[in-house]
Amino acid sequence: MRLADYTTIGLGGPARDFVRAGTTPELLEAVRAADASGEPVLILGGGSNLVVADEGFGGTVIQVATRGVHLDHGHGLVTVAAGEDWDAVVARSVAEGLAGLECLSGIPGLAGATPIQNVGAYGQEVSQTIAQVQVFDRTTGEILNIPNEHCGFGYRTSMFRGVGAFVVLSVSFRLAVQTRSAPVRYAELADTLGVSVGDQVESTEVRAAVIELRQRKGMVIDPADPDTRSVGSFFVNPVLDAAALAAVEAAARARCGPQTRVPRFDAGDGRVKVPAAWLIERAGFGKGYHPGDGARISAKHTLALVNSGSASTAGLMALARQIRDGVQDTFGVSLAAEPVLVGVEL
Ligand SMILES: Cc1cc2nc3c(=O)[nH]c(=O)nc-3n(C[C@H](O)[C@H](O)[C@H](O)COP(=O)(O)OP(=O)(O)OC[C@H]3O[C@@H](n4cnc5c(N)ncnc54)[C@H](O)[C@@H]3O)c2cc1C
């Protein structure tokens with residue numbers, strides 16, 4: 001059982017044990033049994049945010065395959081089993097006239113993984129609509145319903161990320177009962193729709209526009225498009241305070257000319273988010289960059305690292321380190337990996 005067959009980037013060695021859990025009782029049983037025997041556990045969703053070592057995983061991989069969607073349309077409440085396909089959940093919410101997830105169209109993976117890194121795109125994050133997350137707490141053995149405000153959501157993070165103490169069983173979303181979208185927050189999306197930031201249009205239109213934009217960037221899984229054999233964005237956009245931004249601006253002017261303006265988005269508390277892709281390109285790593293061992297930068301999006309077919313995880317991580325070091329040397333910014341790294345480090 002090679003984990004490469006279960007990850008969207010097509011990398012990862014064998015799992016010592018592999019269990020597919022088709023129901024919530026099966027999922028609980030599998031986790032409890034592995035924990036009781038002291039086996040390391042890796043919960044596997046759609047494998048779209050996982051980089052697994054070439055040596056594989058020396059423990060039990062538990063694949064979440066639970067199904068079920070419960071819709072309380074009147075209250076806009078949608079509760080989804082962890083194993084439901086995420087994009088199908090978004091498509092259904094849009095079709096049912098429920099708004100709040102439409103900008104998250106086309107993101108691969110399963111619903112249960114969305115709270116882990118507070119999945120987001122085009123101005124929406126699941127933290128804006130999650131009402132509660134039902135989890136199995138592996139430390140106490142309890143099943144808990146954790147309300148949104150206790151989930152520790154932040155930019156690409158939550159209390160569930162990294163620690164592995166919680167298994168997400170289901171996620172409940174509170175959506176607006178309307179066919180119009182939530183206000184469009186992302187300038188590129190507003191441009192594509194021909195509207196202004198803050199406008200609302202039909203959610204079906206937003207969904208179509210988001211998918212089109214994502215396809216252009218190789219951000220919708222397509223077996224016919226080699227640029228989609230990735231984990232999406234490999235690096236998180238760095239969030240900088242005023243002093244760090246000033247240092248990046250000085251370095252950017254020195255390298256790219258006195259008129260250079262570093263793009264940024266407000267990140268609250270006087271901080272800004274700077275696109276990692278911009279820094280990577282200015283540090284000398286353009287689209288399609290390939291050091292020659294099978295891992296390369298996507299030809300469509302600088303932030304996606306791609307397995308061209310012959311890559312190994314070691315080669316991918318070497319490329320990631322080269323990029324991280326290049327950005328560090330050029331701008332003094334330390335890029336962090338977005339995917340969950342299993343058995344490897346950046
Ligand atoms: C082409 C492409 C585009 C992408 N675009 C975006 C984007 O726009 N925005 C974005 O935020 N992400 C994006 N991603 C990343 C990824 O799709 C999301 O993070 C997604 O939510 C991962 O879901 P998954 O089911 O594949 O999780 P996996 O990759 O299987 O797992 C990811 C992590 O979550 C844990 N996990 C999974 N399910 C559970 C569960 N039920 N309980 C506890 N832990 C669990 C795993 O152990 C692992 O640590 C993209 C990825 C790709 C390949």
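The values are calculated or read from the model by the stated rules, or taken from the named source; none is laboratory data. This is a predicted model, so every value here is computed, not measured. Reconstructed Cβ throughout: ideal geometry from the backbone, glycine too, with neighbour counts over all protein chains shown. Only protein heavy atoms, including side chains, enter the accessible area calculation; ligands, DNA and RNA are left aside. Shrake-Rupley method; radii C 1.70, N 1.55, O 1.52, S 1.80 Å.
Residues that are touching a Gly at 6+ places or on another chain (Cβ under 7 Å) and surrounded by fewer than 17 Cβ atoms within 10 Å (Cβ to Cβ) were ranked within segment 182-209; the one that is nearest to Ser93 (Cα to Cα) is Pro183.
May I ask you to list the residues in segment 219-242 that are over 23 Å from Glu345 (Cα atoms) and open to solvent by 50 Å² or more (accessible area, probe 1.4 Å)? Of everything in segment 219-242, those that are over 23 Å from Glu345 (Cα atoms) and open to solvent by 50 Å² or more (accessible area, probe 1.4 Å) turn out to be Ile221, Asp222, Pro223, Ala224, Pro226, Asp241, Ala242. If you go through segment 53-63 and keep only what is within 10 Å of the ligand (Cβ to nearest atom) and in contact with a helix residue (DSSP H, G or I) (Cβ under 6 Å, 6 or more places away or on another chain), you end up with just Ile62. Here Gly38, Gly112, Gly59, Gly47 are screened, and the one residue that is small (Gly, Ala, Ser), open to solvent by less than 40 Å² (accessible area, probe 1.4 Å) and part of a loop (DSSP other than H, G, I, E, B) is Gly47. Considering each residue of segment 243-258 in turn, none proves to be surrounded by 15 or more Cβ atoms within 10 Å (Cβ to Cβ) and within 16 Å of the ligand (Cβ to nearest atom).
The numbered conditions (1) at pLDDT 95 or above; (2) in contact with an Asp or Glu (Cβ under 9 Å, 6 or more places away or on another chain) are all true for Gly270 except (1). The numbered conditions (1) within 19 Å of the chain's Cα centre (by Cα); (2) buried (at least 21 other Cβ atoms within 10 Å of the Cβ) are all true for Gly120 except (2). Just the residues that are surrounded by 20 or more Cβ atoms within 10 Å (Cβ to Cβ), touching a strand residue (DSSP E or B) at 6+ places or on another chain (Cβ under 6 Å), of a type outside the set (A, V, I, L, M, F, W, C) and touching a residue at least 24 places away in the same chain (Cβ under 8 Å), please, taken from segment 259-305. Selection gives Ser298 alone. The number of residues in segment 64-103 that are within 11 Å of the ligand (Cβ to nearest atom), open to solvent by 30 Å² or more (accessible area, probe 1.4 Å) and part of a strand (DSSP E or B) comes to 1.
Is segment 240-261 home to any residue that is among the acidic types (Asp, Glu), touching a helix residue (DSSP H, G or I) at 6+ places or on another chain (Cβ under 7 Å) and more than 13 Å from Leu303 (Cα to Cα)? No. Checking Ile143 against (1) within 10 Å of the ligand (Cβ to nearest atom); (2) of a type in the set (A, V, I, L, M, F, W, C); (3) open to solvent by 50 Å² or more (accessible area, probe 1.4 Å), which single condition isn't satisfied? Evaluating Ile143 over (1) within 10 Å of the ligand (Cβ to nearest atom); (2) of a type in the set (A, V, I, L, M, F, W, C); (3) open to solvent by 50 Å² or more (accessible area, probe 1.4 Å) leaves (1) as the failure. The condition of being touching an Asp or Glu at 6+ places or on another chain (Cβ under 6 Å), touching a residue at least 40 places away in the same chain (Cβ under 8 Å), under 22 Å from Thr24 (Cα atoms) and aliphatic (A, V, I, L, M) holds for only one of Ala111, Ala131, that being Ala111.
Taking the criterion of being within 15 Å of Val340 (Cα to Cα) and without any contact (Cβ under 8 Å) to a residue 40 or more places away in the chain, the residues of segment 143-165 that qualify are Met159, Val163, Ala165.
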